[in-house]
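Scroll down for the structure; my scribbles are underneath it.
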Amino acid sequence: MLESRPQLRWRFNPSDLESILEALSATGSIHPGKDSSSSIEIFDSFDQCLRQADLFLLRQRGLFYFSFPDGETPPELASKARKQGNGYFWQDFESPVAQAILKKHLKLRAVTRIANAKSETKAFELRNGDDKIISRIQIETITCPGRESTLSVLILSPLRGYEEESNLIALFLDAASELDRDVPSTLDWVLAESGQNTPPPSPSQAIQLSPEQSVQTAVTEIASFMIQTARRSEDGIKADIDTEYLHDYRVSIRKLRSVLSLIKGAYSKEETRHLKAQFAELARATNRLRDLDVYLLEETAITLSLPDYLQPGLERMFTDFRAERVQELQRIRRHLRSKKYAATVEELASQFETGDQPEGKRSHLPIGQVAAAEILAHYQRVSTLGSAINDQTPDDEVHELRIECKKLRYLLELFSSLFPPKEIKTIIKQLKGLQNTLGDFNDYCVQQVALSDYLEKTPRLGRNTAAALGGLISHLHRKQVEARSHVSERFIQFNDSKMKTRFKRTFKKSRKERI
Amino acid sequence: MSIIACYSSKGGVGKTAAAVNLAYASTAAGNSTLLIDLDQQGAASFYFRIRPPKKLRAKRLIGKNNTAYDSIRETDFEALHLLPAHQSYRNFDALLDGMKKSHTRLKALIDELSEEYDQVILDCPPSLSLVAENIFQAADTLLVPLVPTTLSLRTYEQLKEFFEDSGYKRKRLRPFFSMVDKRKRLHQHVVSQLRHTEKRLLQTSIPYSAEVEAMGTHREPVLHFAPRHPSSIAFETLWEEVVSE
Ligand SMILES: Nc1ncnc2c1ncn2[C@@H]1O[C@H](COP(=O)(O)OP(=O)(O)O)[C@@H](O)[C@H]1O
Ligand SMILES: [Mg+2]
């Protein structure tokens, strides 16, 4: 494997091409070589997680390959995708190396083509007095379909052992006023030109509040961002690219509803109730599809939790779920495309845009103090509930703790811009640990209910399926009991004495100022 | 990585013609290839339009701190690189003579240079001296061009004996006929004679051809400027035969 050779690049204006070629031919040593053209297709997930990791997934002539910022990887990484369709998951690539890299970054996400371009290359050879090539020159013109502008680049590639001779040409090119050494990377340029310059903003980046601004403007800002985020997910849901689009959609709506109920009094009671009802309805429409997504994502794990001989019994259920998902997806597509949906969302979004909602009790209070007070209050609630939990506490109270933790987490995340980032990060990290255990506990409960439900409602269930479901339910029950047994220990880990002072230190001051 | 030397103690038998075209064929088959021009005449370098770099001295090349790495030149053909010849190779033997491990110097050098390459090809000077011993140590395969004359068969016998006496493995020697003129009775006779007695003889023969001579004016491998010519096809076939084993 030969090491790749350094190249020098200059950008120029396409209209200067003729004069540049003329100047080069005046050196008397330039000969035309082979011209070529190719296409550039860039693949990434909706949140551009590959690019965030400085990784490009490209496709040429039906073959995928990676490109790192410092050049292309060896061809072993090239991998043919197995499937034709809307998106490619990490499992859809043949090479195990590619799978491992993609799995790490993509997780549940699929990649789709986010940008493409055409590259036309004119090649030239520079020869010395012996008629030996000392350098190759490529003039590359890149265009994105449907866009006006082009990226024109002159690339000088000195042959090994001829760097010094090539250097004279480089000096000559540097002196030309038409040529500029400042060249964007081709892939960055293509992404920018395709309107994919930056990934969709995350809430913590996008929501930048100041403590003095009013409660109403802050809540409106958050709500407005959440509704935009939800809307950006609609196309991906309809195209069924991956399950994360629907998940993101639902999380955005959930956060929107939470901010309305957690920061009461941003709008009038009437208005708040109206908004909450509207968004609750939007969320409810997608409940079943999300449930089915979760079951199907867990298919392998669930199947493997049973002994071999019971596993075939589950096939019937997953086949049913898959069939139901097809129906459900159709329904959601119709729902998202319906005039009624468009009108509702449009109206809700524009309300937040204009920002003249009816006032509530706390509309004019500064958000910094109100958010701090709410966070402290919910932390208090989590503390009280959590401390009371022992092995005898009824499950209902564990569920309550889970819900309170979730509220606290949303408050911390939505209002993180108001508080010291380091403190918030530590709190969220520790809270996450507790939430994971509570989440497991809840998932096992919910899954048992879902399975019992399926068992009850499905006609003509075979004996095998019934046995498998029975086995599964008791397995889930054991896991539930196990998760439950860890709750109080996880709570103590979360709520150590440091955590108490951390909350006081971070949020107490702002609250005092209010009083 | 394998090392193939085009070697004969005689000049003008087609070593360079073979080395240049086999290097070209190796690259065309997808191998990154380094051709090392060990002959001070520099014919292989000439065929690729490459002049010896000013700094390259035999002492540096074989001695401790070699600058050979920096002397490697990229030919006009992708993935085919060349370490050019130099006038001062004339003093090679004298130089090697005074060195420790004087037989394995070349092998050590190639080991150092060849990391990036799949194939190394040596174009050798006609000699039976210390340089030759270095070549015998380094090469995995020695291709020996034989012009079909009785005299050249005798030279080959001598080489085999030398290998025998020095304890080198004789099976690394792979003779092939070069510059064969089918119209010449003698050529036909010698070729068929050796076919019977030498089982290491390669099947492929390189025909005598004006096109091969024309490499001197083209300054390119015949495989490049006349790829369909019978001599080109012969070099191509010779390459396939050598690597197929
Ligand atoms: N197959 C061939 N047919 C005709 N001429 C040849 C052939 N092979 C080599 N020659 C010519 O014979 C001369 C010596 O060949 P060369 O390859 O340089 O031999 P060596 O390297 O053994 O000294 C060169 O002029 C070359 O062009
Ligand atoms: Mg020669």
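Observations on the structure shown:
- Number of residues in the stretch A:26-65 that are open to solvent by 60 Å² or more (accessible area, probe 1.4 Å) and part of a helix (DSSP H, G or I) equals 2.
- Residue in the stretch B:151-172 that is part of a strand (DSSP E or B), more than 14 Å from chain A (Cβ to nearest Cβ) and within 16 Å of ligand 2 (Cβ to nearest atom) present: no
- Answer residue from the stretch B:29-42, given it is in contact with a Lys or Arg (Cβ under 9 Å, 6 or more places away or on another chain) and at pLDDT 90 or above and is farthest from A:Asn128 (Cα to Cα) among those: B:Asp39
- Residues that are within 8 Å of ligand 1 (Cβ to nearest atom) and crowded, with 24+ Cβ neighbours inside 10 Å within the stretch B:1-19 comprise B:Cys6, B:Ser8, B:Lys15, B:Thr16, B:Ala17, B:Ala18, B:Ala19, listed in sequence order.
- Of all residues in the stretch B:121-150 being within 15 Å of ligand 2 (Cβ to nearest atom) and part of a helix (DSSP H, G or I), the one that is nearest to A:Ser4 (Cα to Cα): B:Ile135
- Sole exception among (1) in contact (Cβ under 8 Å) with a residue 60 or more places away in the chain; (2) more than 17 Å from A:Leu275 (Cβ to Cβ) for A:Ala218, by number: (2)
- Checked against the criterion of being within 30 Å of A:Phe318 (Cβ to Cβ) and touching an Asp or Glu at 6+ places or on another chain (Cβ under 9 Å), the stretch A:421-439 contains one or more residues that satisfy it.
- Any hit, the stretch A:356-378, residues being without any contact (Cβ under 8 Å) to a residue 24 or more places away in the chain and closer than 23 Å to A:Asp235 by Cα: no
- Residues (under 19 Å from B:Asp76 (Cβ atoms) and exposed (fewer than 15 other Cβ atoms within 10 Å of the Cβ)) located in the stretch B:215-236: B:Gly216, B:Thr217, B:His218, B:Pro227
- Pick from the stretch A:156-168, criterion part of a helix (DSSP H, G or I) and open to solvent by 20 Å² or more (accessible area, probe 1.4 Å), ranking: nearest to A:Glu3 (Cα to Cα): A:Glu163
- The set of residues from the stretch A:1-17 being within 13 Å of chain B (Cβ to nearest Cβ) and open to solvent by less than 60 Å² (accessible area, probe 1.4 Å) comprises just one member, A:Leu2.
- Tally, over the stretch B:25-46, of residues that are open to solvent by 40 Å² or more (accessible area, probe 1.4 Å) and within 16 Å of ligand 2 (Cβ to nearest atom): 3
- Condition met for A:Gly129 (part of a loop (DSSP other than H, G, I, E, B) and closer than 30 Å to A:Gln52 by Cα): no
- Within the stretch B:105-134, residues that are closer than 21 Å to B:Val13 by Cβ reach partners that are within 16 Å of ligand 2 (Cβ to nearest atom) and open to solvent by 40 Å² or more (accessible area, probe 1.4 Å) with beta carbons closer than 6 Å, at six or more positions or on different chains, in the pairs B:Pro126/B:Ser9; B:Pro126/B:Lys10; B:Pro126/B:Gly11; B:Leu128/B:Ser9.
- Tally of residues being open to solvent by less than 60 Å² (accessible area, probe 1.4 Å) and touching a residue at least 40 places away in the same chain (Cβ under 8 Å) across the stretch A:452-467: 7
- Count of the stretch A:94-134 residues, restricted to those that are open to solvent by less than 50 Å² (accessible area, probe 1.4 Å) and modelled with pLDDT under 90, is 2.
- Selection count where residues are more than 10 Å from every other protein chain (Cβ to nearest Cβ) and either touching a Gly at 6+ places or on another chain (Cβ under 6 Å) or at pLDDT 75 or above (or both), scope the stretch B:46-67: 2
Residue-by-condition table, conditions (1) modelled with pLDDT under 95; (2) in contact with a His (Cβ under 9 Å, 6 or more places away or on another chain); (3) away from ligand 2 (no atom under 16 Å from the Cβ):
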position	(1), (2), (3)
B:Ser192	yes, no, yes
B:Arg195	yes, no, yes
B:Ser205	no, no, yes
B:Phe225	no, yes, yes
B:Ala234	no, no, yes
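- B:Phe225, sole failed condition from (1) out of contact with any helix residue (DSSP H, G or I) (no Cβ under 6 Å at 6 or more places or on another chain); (2) within 14 Å of chain A (Cβ to nearest Cβ): (1)
- A residue that is within 25 Å of A:Gly236 (Cα to Cα), aromatic (Phe, Trp, Tyr) and modelled with pLDDT of 90 or more occurs somewhere in the stretch A:37-46.
The values are calculated or read from the model by the stated rules, or taken from the named source; none is laboratory data. Since this is a predicted model, take the numbers as computed values, not measurements. All Cβ positions, glycine included, derive from the backbone under ideal geometry; neighbour counts span all protein chains shown. Ligands, DNA and RNA are excluded from the accessible area calculation, which covers all protein heavy atoms including side chains. Shrake-Rupley method; radii C 1.70, N 1.55, O 1.52, S 1.80 Å.
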